[in-house]
Amino acid sequence: MTADREGGRRAARRQAVILLYQHDVTGLPLEDLEANLERDGTPLDPFARALTEGVSADPASLDELITGAAEGWTAERLAPLERNILRVAVHELLDWPDIPAAVSINEAVDLAKRYCQVEAAGLVNGILGRIAAEHAEVAT
């Protein structure tokens, strides 16, 4: 994989997380948020669009997996930004087999380090590690 493609996917993940976060917090339709983004001169990356569509198709199922792996937390109790970082990463783990689990986890941890409280990166890493392990067991 080229550095450009990785950089592109990294930026697309960030774009997807921000759109999903805005949707979570404001309740505005994703279509409106996407239109606002494009009106401001930033085209929506196709990978970001696929991620937002995948997450928004069934966020309850993603939240259920997150809650099951969160040890004493529910997805609902997580900060909206952390919750959406996790949703995007869990969607990748489950529905994008061409992306190695370690890449999805690392990208989510990096987003948490950059945008969330200090403790969030460890929480995100732990939750995604458990989900990835469970998913690997089911796949074998």
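The values are calculated or read from the model by the stated rules, or taken from the named source; none is laboratory data. Source: prediction; values computed, not measured. All Cβ positions, even for glycine, are placed from backbone atoms using ideal geometry, and neighbour counts span all protein chains on display.
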> Between residues in region 59-78 that are assigned to a loop (DSSP other than H, G, I, E, B) and residues that are surrounded by 13 or more Cβ atoms within 10 Å (Cβ to Cβ), which pairs lie under 6 Å by C-beta distance while being six or more apart or on different chains?
Replying inline: 70/127; 74/67
>> Need the failing condition index for residue 118 against (1) farther than 26 Å from residue 30 by Cα; (2) in a helix (DSSP H, G or I), just the number.
In response: (2)
> Does residue 41 meet the test of being free of Cβ contacts under 8 Å to residues at least 60 places away in the same chain and exposed (fewer than 14 other Cβ atoms within 10 Å of the Cβ)?
Replying inline: yes
>> Checking the condition modelled with pLDDT under 95 and acidic (Asp, Glu), which residue from 53, 107, 82, 71 passes?
In response: 71
